[in-house]
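Have a look at the structure below, then the notes.
The values are calculated or read from the model by the stated rules, or taken from the named source; none is laboratory data. This is a predicted model, so every value here is computed, not measured. Neighbour counts are summed over all protein chains in view; Cβ atoms, including those assigned to glycine, are modelled from backbone coordinates with ideal geometry.
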Amino acid sequence: MKSESLSEVHSTVRTDKKGWRKVLAFLGPAYLVSVGYMDPGNWATDIAGGSEFGYKLIWVLLMSNIMALLLQSLSARLGIVKGLDLAQASKNAYPKWANIPLYILAEIAIAACDLAEIVGMAIGLSLLFDLPLIWGVSITALDTFLLLFLLKKGMRVMEVFIISLIFIIGVSFIIQMIVVAPVYGDVVKGFVPSDLGGNALYLAIGIIGATVMPHNLYLHSSLVQTRKIDRSFQGLKKAIKYNFIDTVIALNMAFFVNAAILILAAAAFYTNGFYNVAEIQDASILLENLFGSIAPTFFAIALIAAGQSSTITGTLAGQIVMEGHLNLRIQPWLRRLITRLLAIAPALFTIIYFGEEALGSLLILSQVVLSLQLGFAVIPLIHFNSDKKMMGEFAIKPWVKGLAWLIAAIIVYLNITLVIDEISSWAINSGDNKVYIYTIVIPIALACLALLVYVFIHPFLNKNKEEEPNETNHLPHGQAEDFSEELIIEYKHIGITIDFSGNDQTIIQNALKQGGKSATYIFIHVVESAAARYLGKNTLDNETQLDIDNLKQYQKMLEELGYKTEQKIGFGSAPTEIVKIVKENDIDMLVMGAHGHKGLKDLVFGTTLDVVRHKVSIPILIIS
């Protein structure tokens, strides 16, 4: 028994087809992943790199794409073979104290990703409709429920929606490339590796972080499980093959888009002497000045499409990470709202305190943050795919393992170099605030480095243990226990909530069946009048007296039948008073009537049942 990743769409796409239809059945997950490789965060780093260094950083894009191709294929392999997403596998492999910071780092990465989508969408709306950025950022909160709508329609509908947005992005850039007309001979020279230093290194790491995105590794390992596959050796082998084809096609499309952005920036700005174009808005204005209105219009359309598609996949990744690392499952709309608010807050703060012109720097910073988190996702992923106990015959071959570790080493080396450079720069320029660098920034950086080292060495230390990884750790509700018919629970103090709503007789009869004549029955009623809320026990109004008389009548009827009874009156908030009475009177079972309303009425009248059941630790029998 286990809880599936993205359980609402798990194994919902059939693959028992033949020929090209079988291949098409597997196509889709990588396209949802690929939108993260062409989100607005990529635009910021690609535009900055192209305008400042021309075509010289294209090789960094190509290297990033090769890295992404290998790592995403490993992510898909884990999901297909083990039926676990990366967060669930990490939960099983690492102790609780390590999983909590791993979860926090993953959430920071997802928030950084969502921040890029928000800013990109806001800029796109501003370019198309001349809408102030602060309003554009606020409007992006309205797409919170789009994901829920698409999930209800099924996985295939969501994939079609995303692929349609990718098509819009691709067509937009083809038109822009025709308008700008770069020199393709110079473009080819950009594929030759060159030295990186200073701002080139910062932008290169930003490009890697914008391309090889950590949340996509969690996402891909889950999305492949939406396919209902044959679990035999041959079935798994074919699923891995078809998903690799899916990944190659999708990520090469993403590489085309990223390369097009960088080439566009190099041809339009670097060639014309505009070397410091880091703002997407400035890029659009310059495009209009240089090439007319067609290029910037399609630039804005592509930007909106990229932001909208990426925000959907970022939300799914947040759900996967929370459920996998913490065994915590919350309502999808709440999960979406949390992700969006975590991203909207810094965007609004930046606009209000630093101005709209600072958003470009914020976008690049968000991508660097993504890159810094990569090691914490990549290293466990390689460990899991290398583990023969875990993956069996599907463990990766030595040459693939060597290449994967080389990629991880490059990512970690570049990140450590960047952190050292940035902290050194902050220390030099901090003036009187230098103490914060040494007391806060450096300790946090060292703690993260120590966690990264632990994540790397822990699987090696545990490699010789005979026991299999505990695959039940990720179960949100635990697992079934041994049942004994001899274990009979007797309730001695049974609480019965009474509200004189016409359902009392049914509630009382069901309560009597639970304890018979050996239990004591405690009638509970809460007076919720205005006087009761202010005066409490001192309330002597007519409603209170009538309620007491009615409870006494119930007591008398049950005592005449041979039952033991008591009565307790509460005043004010029904949930609070019921919980208080339960705890003060050692009640070991509570029988309540359903309130009979939902939706908007819950907001108006409250939900007594939900509040009570979360605040008491005894069985509750709900009678509707």
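Taking the residues in segment 206-244 that are in a helix (DSSP H, G or I), of a type in the set (Val, Ile, Thr) and within 23 Å of the chain's Cα centre (by Cα) as candidates, determine which candidate is surrounded by the fewest Cβ atoms within 10 Å (Cβ to Cβ).
We begin by selecting, within segment 206-244, every residue in a helix (DSSP H, G or I); these are 206-211, 214-226, 233-244.
Filter once more, keeping what is of a type in the set (Val, Ile, Thr): 207-208, 211, 224, 226, 240.
Narrowing the set further to residues that are within 23 Å of the chain's Cα centre (by Cα) leaves 207-208, 211, 224, 226.
On the way: ILE207: 28, ILE208: 26, THR211: 30, VAL224: 30, THR226: 24.
Filtering segment 206-244 for residues that are in a helix (DSSP H, G or I), of a type in the set (Val, Ile, Thr) and within 23 Å of the chain's Cα centre (by Cα), the one surrounded by the fewest Cβ atoms within 10 Å (Cβ to Cβ) comes out as THR226.
Taking the conditions exactly as written (in the same structural domain as ALA89 (by TED's automatic domain parsing), modelled with pLDDT under 85 and farther than 17 Å from ALA98 by Cα), does VAL368 satisfy them or not?
Yes, satisfied.
Just one of (1) surrounded by fewer than 21 Cβ atoms within 10 Å (Cβ to Cβ); (2) at pLDDT 85 or above trips up GLU4, so point out which.
With (1) surrounded by fewer than 21 Cβ atoms within 10 Å (Cβ to Cβ); (2) at pLDDT 85 or above applied to GLU4, the lone miss is (2).
Go through (1) touching a residue at least 40 places away in the same chain (Cβ under 8 Å); (2) crowded, with 17+ Cβ neighbours inside 10 Å one by one and return the number of the condition THR544 breaks.
Condition not satisfied by THR544: (1).
Only residues in segment 146-172 that are in the same structural domain as THR315 (by TED's automatic domain parsing) and crowded, with 19+ Cβ neighbours inside 10 Å count as the first member; pair them with residues that are outside any helix (DSSP H, G or I) and at pLDDT below 65, Cβ under 6 angstrom, at least 6 apart or cross-chain, and list the lot.
Partner pairs satisfying both residue conditions: MET155/THR12; MET155/VAL13; GLU159/GLY28.
Is segment 489-504 home to any residue that is modelled with pLDDT of 80 or more, hydroxyl-bearing (Ser, Thr, Tyr) and surrounded by 12 or more Cβ atoms within 10 Å (Cβ to Cβ)?
So far as segment 489-504 goes, yes, one or more of its residues are modelled with pLDDT of 80 or more, hydroxyl-bearing (Ser, Thr, Tyr) and surrounded by 12 or more Cβ atoms within 10 Å (Cβ to Cβ).
Taking LYS601 as meeting all but one of (1) surrounded by 17 or more Cβ atoms within 10 Å (Cβ to Cβ); (2) at pLDDT below 90; (3) among the basic types (Lys, Arg), write down the number of the exception.
In the conditions (1) surrounded by 17 or more Cβ atoms within 10 Å (Cβ to Cβ); (2) at pLDDT below 90; (3) among the basic types (Lys, Arg), LYS601 misses (1) alone.
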